[in-house]
Amino acid sequence: MSIVPLIRSARATVSGLPPGFWWLWLSTLVNRTGAFVLTFLSLFLTQELGFSGWYAGLVVALHGLGGIVGAPLGGMLSDRWGRRPTMVTGHLAAAACAAALAVVTSAWAVAAVVLAMGVAMQSVRPAIGATIADQVPEHDRRRAYALNYWALNLGFAIAATGGGAALVFGYRALFVAEAVAVVLCALIVFMRLPETRPEAPVGEDGKRTAEPRLTTLDVLRDGPFRTLVLLSLLVCTVFSTPWVGLPLTMTAQGLEPSAYGVVIAVNGVVIVGFQLLVNRVTDKRSPVALLVVSSLLFAAGTGATALAGSAVAFAATVVVWTIGEMVYIPVNAAATARLAPVHARGRYQGVMGMAWGVGGFVAPVLAGWIATGPGPAALWIGCAVVALIAAVGYGTLLRRALGSDDPEHGVVAGGTGVAGPGDAVGSAGAAGTADAVGTVGATGTVGAAGTVGAVEAAGASGAAAPGGAGRPGDGAPGDGGRAADAAAVVRVPAQKTVVERTGAV
């Protein structure tokens, strides 16, 4: 087959986007290329500081808990303060936390720093998603979110190869390297990215009208968006489960922890290799249909895990739900953007990021309890059922709100909307909602955070111990080591968190 069509497809995927988007894309790549803390945190805590696998999992879960707070905080700041100052401040705070981890040693200090880092990292995600919505026209947003998500995963894949450097320079040196990378990211945003927050409309008296001050509860009164958030919570919980449940399931069947590293590496390889192609294929498809299909892929992939008995079979299930992930993340991002009013893009994205953070925090707890109690089969069947419920929900509850290709009508189709200036929350069609083209909750980025979990230092017991929530959210989105994790020259698989993907994006 000629490579020319592939080159043309790649050019079509990346063409036509504004220069500001590519500076944001570059900052995401630089940021995630230095994502060493979450990739190697559990190894650092267990192997270098001597803490237990249980404590390592708890600490990484605290990162996810911080994301639950950071996402709505960042959304509010990006709408009130501005996109660029929110991003710069969040990046610099995260860099300070990464540098602090290179020097702190006590259990309480490590936990506090990781919690603060979760808040800082996830506070950036709403501003990133809002900036994409500000800069990119409606018809190109899904493609833009997919490209940003691809950069995030490409950076994770590069960071995960730092295992060899960890053996030579030590984990602390990698944490300092992450701090430097995040500072560089902040400089790119500060020097090259313009402020994109829309200005308040001008009233009849020639003065700018005050924008409504919306709270999280106000945002959740938007019926279609509330439905999207709740369904996303279900999907995120399923999506986060393999990062804890899969190693437990594989070791219960007698497979080595190294086999899990190879299997989960398939996730990152597939995303880095095929995300652009998947986006090209799905670009003009109905968002409702794609949300349904991606949920069904999650159901099929996780449900089939209950039947897998070899590393090859487990890898095949990962491929299935990874395709669902590649479809779901940018479509969910664009759907959030479509439902958000212009003046509340950051807040809407923050609420979506918070939902992904909750899913990423709850999933590992439930996964560990079910896998070691009722058993792995019950865990994966339960995941399939939850994903099927989400698929039915998308197909029946959001068809009106997201079914129209005209964003001016799709925003208010569900019956409620955020009112224009002067009101807090209004009914369907309230002023200011018809053109409410907003932004996504990021990924992931996927993501407020969880982790692949503290798989006990291999060679000790040989068994995997549950850790935090497997990841985007930012986001996820919300963070974590991408699948090239297996390339890390260490005896335990690297970690991955949820909401950056979430988160997010």
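The values are calculated or read from the model by the stated rules, or taken from the named source; none is laboratory data. Quantities reported herein were computed from a predicted structural model and do not represent experimental measurements. So basically every Cβ, Gly included, is an ideal-geometry build from the backbone, and we count neighbours across all protein chains shown. Note: accessible area is taken over every heavy atom of the protein model, side chains too, but ligands, DNA and RNA are not part of it. Shrake-Rupley method; radii C 1.70, N 1.55, O 1.52, S 1.80 Å.
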Residue check, L214 within 19 Å of I68 (Cα to Cα), at pLDDT below 85 and open to solvent by less than 20 Å² (accessible area, probe 1.4 Å) = yes
For R143, are the conditions met, namely being open to solvent by 40 Å² or more (accessible area, probe 1.4 Å), basic (K, R) and modelled with pLDDT of 90 or more?
-> no
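Looking for something closer than 22 Å to T336 by Cα and modelled with pLDDT under 90 - is there at least one such residue anywhere in segment 24-41?
First, the residues of segment 24-41 that are closer than 22 Å to T336 by Cα: 24-25, 28.
Still in the running and modelled with pLDDT under 90: none.
No: segment 24-41 contains no residue that is closer than 22 Å to T336 by Cα and modelled with pLDDT under 90.
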Does L92 meet the test of being part of a helix (DSSP H, G or I), modelled with pLDDT of 95 or more and surrounded by fewer than 24 Cβ atoms within 10 Å (Cβ to Cβ)?
-> yes
Unmet criterion (only one of (1) under 23 Å from V266 (Cβ atoms); (2) surrounded by 24 or more Cβ atoms within 10 Å (Cβ to Cβ)) for V189 = (1)
Please give the number of the condition V288 fails out of (1) touching a Phe, Trp or Tyr at 6+ places or on another chain (Cβ under 9 Å); (2) β-branched (V, I, T); (3) surrounded by fewer than 17 Cβ atoms within 10 Å (Cβ to Cβ).
-> (3)
Taking A300 as the residue in question, decide whether it is surrounded by fewer than 21 Cβ atoms within 10 Å (Cβ to Cβ) and modelled with pLDDT of 90 or more.
-> yes
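Is it true that V168 is of a type in the set (V, I, T) and at pLDDT 95 or above? Steps first, please.
Details: of a type in the set (V, I, T): yes; at pLDDT 95 or above: no.
Criteria not met by V168.
Taking the stated definitions as given, is E199 surrounded by fewer than 22 Cβ atoms within 10 Å (Cβ to Cβ) and modelled with pLDDT of 75 or more? Can you show your working first?
Details: surrounded by fewer than 22 Cβ atoms within 10 Å (Cβ to Cβ): yes; modelled with pLDDT of 75 or more: yes.
When the stated conditions are applied, E199 passes them.
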Would you call A401 under 15 Å from G223 (Cα atoms), over 22 Å from the mean Cα position of the chain (by Cα), at pLDDT below 85 and open to solvent by less than 40 Å² (accessible area, probe 1.4 Å)?
-> yes
Residue check, G57 crowded, with 19+ Cβ neighbours inside 10 Å, under 15 Å from the mean Cα position of the chain (by Cα) and either not in a loop (DSSP other than H, G, I, E, B) or not acidic (D, E) (or both) = no
Failed condition for A130, given (1) over 18 Å from A344 (Cβ atoms); (2) part of a helix (DSSP H, G or I) = (1)
